[in-house]
1. Kindly check whether there is at least one residue in the stretch 11-28 that is out of contact with any strand residue (DSSP E or B) (no Cβ under 9 Å at 6 or more places or on another chain), among the charged types (D, E, K, R) and loosely packed, with under 14 Cβ neighbours inside 10 Å.
2. Are there any helices (runs of 4 or more DSSP H) wholly within the chain with 2 or more residues that are touching a helix residue (DSSP H, G or I) at 6+ places or on another chain (Cβ under 9 Å) and modelled with pLDDT of 95 or more, and if so which?
3. Scan ARG43, ARG35 and give me the residue that is basic (Lys, Arg) and surrounded by 13 or more Cβ atoms within 10 Å (Cβ to Cβ).
4. Which of the residues spanning the stretch 22-49 are of a type in the set (Lys, Arg) and without any contact (Cβ under 8 Å) to a residue 12 or more places away in the chain?
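The values are calculated or read from the model by the stated rules, or taken from the named source; none is laboratory data. It should be emphasised that the depicted structure is a prediction, and the values quoted were computed from it without experimental measurement. Heads up, the Cβs are rebuilt from the backbone with ideal geometry, glycines too, and the neighbour counts pull from every protein chain shown.
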Amino acid sequence: MSFQSILSKREFQVLELVSAGSSNTQVAERLGISRSTAKTHLRNIYSKTDYHNRTILAISFLNSKT
């Protein structure tokens, strides 16, 4: 799966941070958005990728980069 082709630029940024182990609060702080917005982006990522688990999503993303 090409995550970059199905996600918006911001969603991809959120995915990168989540895959690096960042919490929603850390994602929000790093991107200068609210925690609620970070959670919304993550929900959109789940919807677009059919993953519904943060860990499985991160593993799939990291595996796709190799």
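1. Looking for residues that are out of contact with any strand residue (DSSP E or B) (no Cβ under 9 Å at 6 or more places or on another chain), among the charged types (D, E, K, R) and loosely packed, with under 14 Cβ neighbours inside 10 Å, one finds none in the stretch 11-28, hence no.
2. 9-19, 24-31, 35-49, 54-64
3. Testing whether each residue is basic (Lys, Arg) and surrounded by 13 or more Cβ atoms within 10 Å (Cβ to Cβ) leaves just ARG35.
4. Within the stretch 22-49, ARG35, ARG43 qualify.
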